[in-house]
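Worksheet for the structure shown next.
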Ligand SMILES: Cc1cc2nc3c(=O)[nH]c(=O)nc-3n(C[C@H](O)[C@H](O)[C@H](O)COP(=O)(O)OP(=O)(O)OC[C@H]3O[C@@H](n4cnc5c(N)ncnc54)[C@H](O)[C@@H]3O)c2cc1C
Ligand SMILES: Cc1cc2nc3c(=O)[nH]c(=O)nc-3n(C[C@H](O)[C@H](O)[C@H](O)COP(=O)(O)OP(=O)(O)OC[C@H]3O[C@@H](n4cnc5c(N)ncnc54)[C@H](O)[C@@H]3O)c2cc1C
Ligand SMILES: Cc1cc2nc3c(=O)[nH]c(=O)nc-3n(C[C@H](O)[C@H](O)[C@H](O)COP(=O)(O)O)c2cc1C
Ligand SMILES: Cc1cc2nc3c(=O)[nH]c(=O)nc-3n(C[C@H](O)[C@H](O)[C@H](O)COP(=O)(O)O)c2cc1C
Ligand code: FES
Ligand code: FES
């Protein structure tokens, strides 16, 4: 759907990271974890294109959608200037989100940096469904570790890792995984490509099904322009799939990690 | 000069008209009546060019510049969204303003619509200099009669005219002039081209020197691009002059009103 | 006032209103069905189709530029046979004409695709892309040379009875020469413009941004160039023109119609506003009503004076 | 780190840094003296000059477009004799090279202007505009045809010993063909691009917006096209290139340098930010320092790989 959602809150939560909440009952109702919205930043032709932002939270009761984003360039910078009361022009929910596990399954969720954005929504549903969830969050510094409190509040055990050792384990978040993976039934991950690639490698090694959320530059967001192609292996053959509609979530085993 | 002036007040005074005040001691110090500033509306490449806006008031003591403008298109619309505390990116003061009369001279000042914008500044100086000033303001409707109170506050007698008769004389402001022009030594005018053309015609008929403020689409605002040319007659020959630097104020007798 | 007449005739394709979609920006139509009821459009122009399936170019395939977009999709498509099997039934279910945009690496390939579409039925028009900047063979090479453009036109025309629209490239010294050549070769209508050849460089990696180095520029940035091309071609040839290039609003579309376009296509703007086509249509209708113009055809080329 | 070397050589014109002004957007230099100290630039390129004074085109001469500007100034200028009398003394007082942009309606006129400038002294380079879209005679017509472009180049070269820079038009099918022709004809350097031919229509009056109907498009909107042209020409010929077209920031300028430009000119951006030239220069210097690059010449064309 295409709608104008009224901003309720908007705050700079750390460094370049912002958390925005806007009102939309329809969107909150329709949204699934791993889906995204396509946001118009600014009202002019510059920047021109919408920006894809994951749905961070969707409160169906209150009809509120939350977005967690990093100011990366001119689009997100303009976005960060919006104020409560302003109307946000969004399309969504878009894309194929995460497939939820059986309630009995043990799940590991691995986030890198801003990759935690879509995973909060997922974890919340997993907790509500009664899954046993172990969360791993990695980032460059402690400042870039996002949504940790919110996730802990859900009663989930969170393991942290930072590149500079300013919080949690000093090193890559994926270093924390091997010993645990034997014990989980399913992995979900979102973060930088190399991190997801490592997770996919480990998942394959320990034979645990994993879902990853890919990123690609987008045009339309609805599958019409073929801009957002990523290489997916189907029966050994690598074909282009659209991140916006066939993804952003793919099975880790199908992604062509060499592309 | 090129500077960022902090907005102090900004209000919608009627219909599409806005009055904006920003801080700049240097600009207020340097500004003369009839000069303009070149304003960047919005921070992106769209709209791209600056917009010329006349200096409506310049308070040298407080270091405040006021602009009176009409939302005409996308530039001024973006401008109207600015809020107190925001920084306005301006160049100025630009252009050749009005030449002030001798203090003994009787002066008629004729404004049409938003053309009153630069004339307030002029009238204020005329009053301070002790000139006898008669002000004529015409507009489409009473809603479009601007700055009337402010000018009356200066102790100036103001005659009004509206196209629809909703205030003052029902008809063209220039209809009010003929009987008065014999008694004045000098005329200043700013407004729609046809109005200024009538004023120029009358000024010529009654042999009163007149100055007019022209408008043309601008690029640079500093005389470099030759976009803003207007036709000026010099010794009977019509040549292009730049509104931004050789104008916007010209002697009515030199303007090629047929162009 | 009564509803004005919005219907136009593009070389035998009757459109209920002058608004269509620019090939490659609206998929096969269904992708936007949540936002736009296709039956409200004047016609549907679908993604470029080739004889054989094509994988397209390496990513990134899109980059934003000031008020524009560079793309280097590279004609990714499942091939004409797949199109006929999977999409033509859908086209047949629509109440508006469907125009299939086609491309080829050789003249023969263009002709072969046209012939297959002719046999399949359900296709109201063929738009021949001789202007794609994103493929190594064929594409823009055909559109840059009047003689080759004429050759492709003749080959396609003789392979089908469906109206043939030739889509011209702005990347030429004189677009009227190509227009004249394809008009003489039998084209029923013209589409213009395709994208402008452009590129972007990433100063961090010090490499071109697009996987394919160069790409095609579209969007509001190119509108002045597109409008100029329509203006020139309208003067040069008698064929109906589908104008496109940066149209986002009804005001943009009206500029094209006044310059000489009989119909307009909305491209990149769909990405920004998925309802752009419908809003353009509604805005045109409003303009006609407000200006007391009873028939859109009276406005075509009106900016040229009498 | 030590200050990096920013000096470049454009066909014999030594510039202390690669940043100059695009002809026609910076007047004769003095217009911007309140904002820019000309002596900090790499060179000053001044307004197009012709043999005889020109009045220029009817107004309006400028129209804004999305992220761009259309202009149809029409080479208004006081003529070369006036330039020599009134501006050359000022040029001589500067510490940076001054490049005079010239135009003509005939090959002979170009040669005559060049000869006069040669005699006058104080001019470090002649930029030959064979790409102006805004004049009826000459201008772009010379730049659209490799043979005519070569002819103008030869005529100017044989009339002066001052380095000759040929300014190319993007409104051609293959800009490398024109570049090759003028290189063979003896050009010392190339400037690219001039404006793209475009237009705008006022839907209220239903007439073209510009007094001269068509105009030249410049500004950020054209940057992708300009960058592509520089990329292509850098590959095709050995001559130093002054890159321009939509450069507003140091990042833009660096894209051009990476594509192959040895120097860059700031045009339309001066209207938006009168300090743009200086800020571009400072930003380039900062980039070199941050990336540990000692010499700007090492960056020229670096995006082409090895
Ligand atoms: C499915 C999906 C979900 C995302 N969710 C989030 C999120 O929840 N929070 C968040 O902070 N970021 C998210 N991103 C990344 C976000 O879209 C980019 O950071 C943003 O588009 C940058 O725009 P900009 O104008 O600020 O930067 P610029 O660099 O100025 O953007 C220039 C262009 O590149 C595109 N672009 C730049 N980076 C990316 C990117 N990483 N992915 C896709 N396009 C890009 C922009 O759309 C634009 O066209 C997501 C991306 C995808 C594909
Ligand atoms: C010397 C001078 C002083 C002015 N003083 C004032 C003032 O005090 N108050 C006020 O309300 N208006 C004033 N104007 C007119 C004002 O500049 C235009 O209304 C404004 O530029 C419109 O911009 P826009 O983006 O809102 O409209 P758009 O129509 O979207 O503008 C599109 C383009 O046209 C140009 N343009 C449009 N109208 C004009 C115009 N009348 N003059 C010059 N360029 C124009 C814009 O700069 C822009 O390039 C003045 C104009 C000049 C030349
Ligand atoms: C992502 C994308 C894909 C395109 N694919 C095609 C195509 O397959 N065939 C074609 O003829 N034109 C194609 N085009 C060009 C458009 O149809 C249109 O001519 C051009 O984009 C200018 O219009 P616009 O500025 O409204 O987008 C494509 C354009 C874009 C942006
Ligand atoms: C108002 C204006 C006047 C111009 N006059 C000339 C000229 O006299 N000679 C010339 O060679 N180019 C002229 N140009 C073209 C510029 O020098 C430059 O090539 C073009 O604008 C692209 O650069 P930009 O996008 O940075 O402006 C002019 C451009 C503008 C906008
Ligand atoms: S963004 Fe257009 S197909 Fe995915
Ligand atoms: S606006 Fe550039 S010369 Fe006046």
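Below are the figures for this structure:
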quantity: Shortest-first distances to equivalent copies, position residue A:233, nm, label 7 Å out along Cβ; calculated: 8.5
quantity: Within segment C:1-37: backbone nitrogen closer than 13 Å to the residue A:239 label point (7 Å, Cα to C-beta); calculated: none
quantity: The protein assembly as shown: proportion of alpha-carbon pairs further apart than 63 angstrom, %; calculated: 11
quantity: Computed FRET value (nearest 0.05) for residue D:90 with residue B:152, which takes r as the C-beta separation and R₀ as 51 Å; calculated: 0.55
quantity: Modelled label reach - residue A:25, point 7 Å along Cα→Cβ, segment A:54-68 residues with backbone N closer than 13 Å; calculated: A:60-64
quantity: Label point 7 Å beyond Cα along the C-beta direction, distances from residue A:157 to other copies (nm, shortest first); calculated: 9.3
quantity: Axis-nearest residue in chain B [Cβ, rotation onto A], distance in whole Å; calculated: B:46, 2
quantity: Label point distance in nm, residue A:182-residue C:40, each placed 7 Å from Cα along Cα→Cβ; calculated: 6.1
quantity: Helix B:116-129 axis, angle to chain B major axis (alpha carbon atoms, nearest 10°); calculated: 70
quantity: Relative contact order (%) - segment B:102-259, alpha-carbon pairs under 8 angstrom, separation at least six; calculated: 19
quantity: Shielding by partners, peptide D:28-36 (average Cβ within 10 angstrom, other chains); calculated: 3
quantity: Estimated FRET transfer efficiency (residue B:12, residue A:206; beta-carbon r; R0 56 Å; 0.05); calculated: 0.30
quantity: Equivalent ellipsoid, chain D (semi-axes from 5 times Cα gyration tensor eigenvalues, Å); calculated: 27, 22, 20
quantity: Per-residue mean of C-beta atoms belonging to partner chains within 10 Å, peptide D:253-259; calculated: 4
quantity: Cα gyration tensor, segment A:158-202 - rounded (a/c under 1.5), prolate or oblate; calculated: oblate
quantity: Value of [θ]222 nm, deg cm²/dmol, for the protein assembly as shown, DSSP H segments ≥ 4, -39500 (n - 2.57) each, nearest 500; calculated: -7500 deg cm²/dmol
quantity: Inter-copy separations for residue D:211, label at 7 Å along Cα-Cβ, nm, ascending; calculated: 5.1
quantity: Per-bin percent of Cα-Cα distances, segment B:2-94 [10 Å]; calculated: 18, 56, 25, 1
quantity: For segment C:204-306, convex hull volume per residue from C-alpha positions, Å³; calculated: 125
quantity: Translational diffusion coefficient (Stokes-Einstein; Kirkwood radius from C-alpha pairs) of chain B at 20 °C, 1.002 mPa s, in µm²/s; calculated: 116
quantity: Length-normalised contact order for chain C - Cα pairs under 8 Å, 6+ apart - percent; calculated: 21
quantity: Other protein chain Cβ atoms within 10 Å, averaged over every residue that makes up D:12-25; calculated: 1
quantity: Separation in nanometres of the label points that stand 7 Å from Cα toward Cβ, at residue B:170 and residue D:158; calculated: 7.8
quantity: Burial ordering of D:54, B:51, D:206, C:228, fewest other beta-carbon atoms within 10 Å first; calculated: D:206, D:54, B:51, C:228
quantity: Crossing angle, helix A:193-205 versus chain A [Cα axis fit, 0-90 degrees, rounded to tens]; calculated: 30
quantity: Ranked D:173, C:277, D:106, criterion: other C-beta atoms within 10 Å, fewest first; calculated: D:106, D:173, C:277
quantity: Cα-based convex hull, segment B:106-215, per residue volume (Å³, whole number); calculated: 85
quantity: Projected label distance in nm at residue D:147 and residue D:204, using a 7 Å step from Cα toward the beta-carbon; calculated: 4.9
quantity: DSSP bridge orientation in the protein assembly as shown - percent antiparallel, rounded to nearest 5; calculated: 55
quantity: Residues residue D:58 and residue B:59, FRET efficiency given R0 of 45 Å [Cβ-Cβ distance, rounded to 0.05]; calculated: 0.65
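Each reported figure results from applying straightforward, stated rules to the coordinates on display, with no laboratory input. Fair warning: this is a prediction, and the values are worked out from it, not measured in the lab. Glycine also receives a Cβ, built like all others from the backbone with ideal geometry; neighbour counts cover every protein chain displayed.
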